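Heads up: the structure comes next, in structure tokens.
None of the figures in this text is laboratory data; all of them are computed from the coordinates on show. It should be emphasised that the depicted structure is a prediction, and the values quoted were computed from it without experimental measurement. Don't worry about glycine lacking a Cβ; one is built from the backbone with ideal geometry, like all the others, and counts go over all protein chains shown.
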């Protein structure tokens, strides 16, 4: 069986730490909801001033091809918007430490910095890109598990890129029904490898309406389609309006930071804070030590709905692959917390907290299915999840059962 060298753990932050309008053509995909595959929904809730429950476990470790998607136009940097005075976790914003523009994730890790501009143009305007994106919903059957798309997967230059392609989505999720003004968590930023022709592997926070139709997302992704052929982790944002997909890093996103933008490269192996908070008519997104930008609520108002509080919070790892039953794409850092030999080295979400929300109480649909003796019990051997109450959990895997030989 295949084993990876454990990823060195790094200390997670202490718990006391407390527009670009996009009008580009969308490559339409025909989405089909299939009741197959692993869909786990996760959400965490806790008040801003809350602390860890006494005796509760706390995770202390954290370790060029042509892009066949449409670029959307750039816009202007916000010059009048005012973010909250404090970041979601209670700190005053400071400038993120960055490496040289164009540096890869390994170089950033060695230099001890958080990120770098993905390009060397000096632009601080992100460019939206269209590519497959999964979406977890209130229940497994309502989550996006499979779709047909006209966006081809990463292909060798000589391969023909046309036609219709299958995309399977697999999630390891924690969820909670929670009315909040925002959420934040500390995530392991990893660099998972992708199986041949698979689309992406990511980790994110998804703040959703109660019916999961309205969504704001932030996290990191390894996705060569949205990041110009790069297999490094990149910062990303996304949103949904009335259940309709938009695009990565654009489609109404308003850039605020003049230092870091969606699409920039992140150092892997570190634990970094990601957060979303509603303020002054917009959903603001924070990373590490800065406010990065926002999605104005007008994006939803213009489509006949309001969206100023969450009703559902979900945190999850997600992979998008051609065949869920035969993939070598890693989730998280590839270590599976269900395997005792890999638990301590697996990727995590930790110090999760809500802004003006209820007490934290994750549920784990995959574990509930396992208790029923369902198919998910076997699937956990491929991509697992392990709670670490009250604000944390570990997740990930390599797509193979412990007794299977590697074929990748």
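How are the Cα pair distances of region 266-359 distributed, in percent, across 10 Å bins from 0?
Pair shares across the bins are 12, 31, 31, 21, 4, 0.
Sorted by packing (mean other beta-carbon atoms within 10 Å per residue), highest first, where do 274-283, 218-227 land?
Answer by packing, highest mean first, reads 218-227, 274-283.
When Rg is the radius of gyration of the Cα atoms in region 173-239 and Rh is its Kirkwood radius, what does Rg/Rh come to?
1.02
Order of 358-370, 299-311, 379-391, 200-212 by packing, highest average Cβ count within 10 Å first?
So the order, starting with the most tightly packed, is 200-212, 379-391, 358-370, 299-311.
Once both labels are modelled 7 Å past Cα along the beta-carbon direction, what's the residue 179-residue 372 spacing in nm?
Distance between the two pseudo-spin positions: 2.9 nm.
Return the distance in nm (one decimal) between the two label points of a simple spin-label model at residue 106 and residue 125, each offset 7 Å from Cα along Cα→Cβ.
3.4
At a 10 angstrom cut-off on C-beta neighbours, averaged per residue, how do the peptides 339-352, 126-139 rank from highest to lowest?
126-139, 339-352
Could you tell me how far the Cα centroid of region 314-362 sits from the Cα centroid of region 290-313, in Å?
After rounding, the separation between the Cα centres reads 25 Å.
For region 78-200, what is the convex hull volume of its Cα atoms per residue in Å³?
Convex hull volume per residue, Cα atoms: 203 Å³.
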